[in-house]
Structure formats: structure tokens, C-alpha cells
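Here is the structure we will look at, set down as C-alpha cells.
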Amino acid sequence: MARLIETDRKRRLAFTTRRRGLLDKARQLAVLCGVAVTVVCTDPEGGALTVMETEEGVPALMDNERKRGLAFRNRRRGLLEKAEQLAALCGAQVAVVCADPWGGAPTVMETEAGVLARAY
């Protein structure tokens with residue numbers, strides 16, 4: 001399990017870098033698989049709020065249903081792992097909502113249940 005980065009300067013730098021990586025992963029998932037993805041996170045001090053939302057109904061770049069399903073599962077797992085690492089290493093609050101490409105229940109991940117929803 002990843003531990004919180006002790007030094008404030010290193011934690012802020014890691015947050016900036018990892019947040020960018022998390023948002024890139026979310027965009028890639030949305031574009032390749034044609035699903036809506038929303039990412040919400042606060043900085044380590046609980047101040048600035050980052051919200052990234054992709055459009056629903058964007059056509060997927062991958063036409064093959066089987067390959068798209070495999071890519072969706074793998075990329076969703078990678079996105080959620082990145083979100084958990086950002087929260088653990090940097091002390092940020094992170095929430096991810098990812099639509100299911102087959103119309104099922106969306107995947108919802110929040111580092112501390114309800115914290116972001118209550119705060120914002």
C-alpha cells in the first residue's frame with residue numbers, strides 16, 4: 001500500500017503530476033471506449049477543486065465490441081488504480097464515475113464516501 005508523501009513540496013509536485021496522469025487516463029478511456037467519465041478531486045490542502053467530465057455518447061474509436069470490452073475493463077481498472085494512488089500518496093480527495101458501455105450501473109469510486117459530495 002502506498003503511503004502519504006511526508007514533505008509538502010514533494011507531495012504538491014507529485015499531486016500535480018499524478019492528477020495530470022489521472023485526467024489523461026480518464027480521457028483515453030472515454031475516447032477509446034465511448035463512455036462518459038467524470039473525475040473530481042481536491043488538492044492535498046483541500047482547496048482547489050478539479051473537475052473533468054467527458055461528453056456522453058461520444059463514438060468509440062474501437063469498433064470491435066469484444067476488443068472494446070476488454071480495453072474498457074483494463075483501462076477502467078488502470079483509472080481507478082491511478083485515483084487510489086493519487087489519494088494515498090498525496091492526501092487528496094478523489095471521486096471517479098465511469099459509465100458502463102453496455103448500459104449497466106456506472107462504476108463509482110470515492111476515496112472517502114460522501115466527503116466530496118458533502119463539501120461541494
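The values are calculated or read from the model by the stated rules, or taken from the named source; none is laboratory data. Nothing here was measured: the structure is a model prediction, and the numbers come from that model. Backbone-built Cβ (ideal geometry, glycine too); neighbour counts: all protein chains shown.
Where residues in segment 76-89 are over 15 Å from VAL40 (Cα atoms) and in contact (Cβ under 8 Å) with a residue 24 or more places away in the chain, which of them is surrounded by the fewest Cβ atoms within 10 Å (Cβ to Cβ)?
GLY78
Can you pull out the residues in segment 54-72 that are under 15 Å from VAL96 (Cβ atoms) and modelled with pLDDT of 90 or more? Talk me through it step by step, then tell me what you get.
Here is the first cut: in segment 54-72, the ones under 15 Å from VAL96 (Cβ atoms) are 54, 72.
Of everything in segment 54-72, just one residue is under 15 Å from VAL96 (Cβ atoms) and modelled with pLDDT of 90 or more, namely PHE72.
Of the residues in segment 1-50, how many are hydrophobic (A, V, I, L, M, F, W, C) and assigned to a helix (DSSP H, G or I)? Talk me through it step by step, then tell me what you get.
Residues of segment 1-50 that are hydrophobic (A, V, I, L, M, F, W, C), as a first pass: 1-2, 4-5, 13-15, 22-23, 26, 29-33, 35-37, 39-41, 48-49.
Next, from what is left, pick out any that are assigned to a helix (DSSP H, G or I): 13-15, 22-23, 26, 29-33.
The number of residues fulfilling the criteria is 11.
Hey, does segment 51-62 have a residue that's part of a strand (DSSP E or B) and surrounded by fewer than 16 Cβ atoms within 10 Å (Cβ to Cβ)?
So far as segment 51-62 goes, yes, one or more of its residues are part of a strand (DSSP E or B) and surrounded by fewer than 16 Cβ atoms within 10 Å (Cβ to Cβ).
Confirm whether THR38 is modelled with pLDDT of 90 or more and either on the phi > 0 side of the Ramachandran plot or exposed (fewer than 12 other Cβ atoms within 10 Å of the Cβ) (or both). Spell out how you get there, then give the answer.
Values: modelled with pLDDT of 90 or more: yes; either on the phi > 0 side of the Ramachandran plot or exposed (fewer than 12 other Cβ atoms within 10 Å of the Cβ) (or both): no.
The answer is no for THR38.
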